[in-house]
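Worksheet for the structure shown next.
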Amino acid sequence: MNTEPVVGLDIDGTLGEYHDHFRVYAANYIGRDLPCAIEYDGTQPFWKYLGLSKETYRKAKLAFRRGGAKRWMPVYGNARELTVNLRKQGVRVVLCTTRPYLSHDEMEQDTVQWCKRNGGQFDGMLSGEHKYRHLCRRYGKPNVVAVVDDLPELALQASDLGLPGLLVDQSYNRHSKLPTGFRRVANLWEAEEELSDELTDWRQRHEAAD
């Protein structure tokens, strides 16, 4: 069991610009233009916003996952610096994703390659619908400084476990209420500042406990 501070970072929509990247791929896959994802507000499923049937959306998403397209997902500003600077402060950076790489062998390879292409650094990777539960089990809940995500439902999952976190502001989460223990940040530069404060608080608590 790890006794070092841990930060869990989501990938799609948090470190990288997933939605419009997928939109471009899906438009090429079906052969017609689709609405720009920048205006997607999250009040309806993404497939409905794109004007696709659920079946077509699933086929496009499966092809997207299997075709290596995630290797070229645009990266958000300060994503690399965030991971590098956290590790310099002695934090274990764990990528926490719902990407189903246990079902698709190439998915983990694509994720690792994406990180390498963009200079990101990490110490571990977890996947699954209950990724933050896995994070607590593997690294110990008391060691988790915070998690960073873009999806309110996954922020709520972390909150229900008692984990603090940051929700990165996106068009599709602005209408959502923040769960207990979460704060909204505008970008990854602000996230880095907030995580630095969380790390200071975490260390003070652990020093007091010792």
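Points to keep in mind about this one:
- Residue that is surrounded by the most Cβ atoms within 10 Å (Cβ to Cβ), among those in segment 193-202 that are in contact with a strand residue (DSSP E or B) (Cβ under 9 Å, 6 or more places away or on another chain) and touching a residue at least 24 places away in the same chain (Cβ under 8 Å): Leu195
- When restricted to residues that are crowded, with 18+ Cβ neighbours inside 10 Å, aromatic (Phe, Trp, Tyr) and touching a His at 6+ places or on another chain (Cβ under 9 Å), segment 70-84 contains 0.
- Pick from segment 140-192, criterion surrounded by fewer than 16 Cβ atoms within 10 Å (Cβ to Cβ) and of a type in the set (Asp, Glu), ranking: farthest from the chain's Cα centre (by Cα): Asp160
Per-residue answers, yes or no, for (1) of a type in the set (S, T, N, Q); (2) under 14 Å from Leu178 (Cα atoms):
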position	(1), (2)
Ser127	yes, no
His130	no, no
Lys141	no, no
Glu153	no, yes
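- The residues of segment 147-158 that are touching a helix residue (DSSP H, G or I) at 6+ places or on another chain (Cβ under 9 Å) and either assigned by TED's automatic domain parsing to the domain that holds Gly42 or more than 19 Å from Leu188 (Cβ to Cβ) (or both) amount to a single one, Gln157.
- Evaluated against (1) in the same structural domain as Ser127 (by TED's automatic domain parsing); (2) buried (at least 20 other Cβ atoms within 10 Å of the Cβ), Arg87 falls short on exactly one condition, (2).
The values are calculated or read from the model by the stated rules, or taken from the named source; none is laboratory data. Since the structure is predicted, the reported quantities are computational estimates derived from the model, not experimental observations. Positions of Cβ are backbone-derived with ideal geometry, glycine not excepted, and every protein chain shown enters the neighbour counts.
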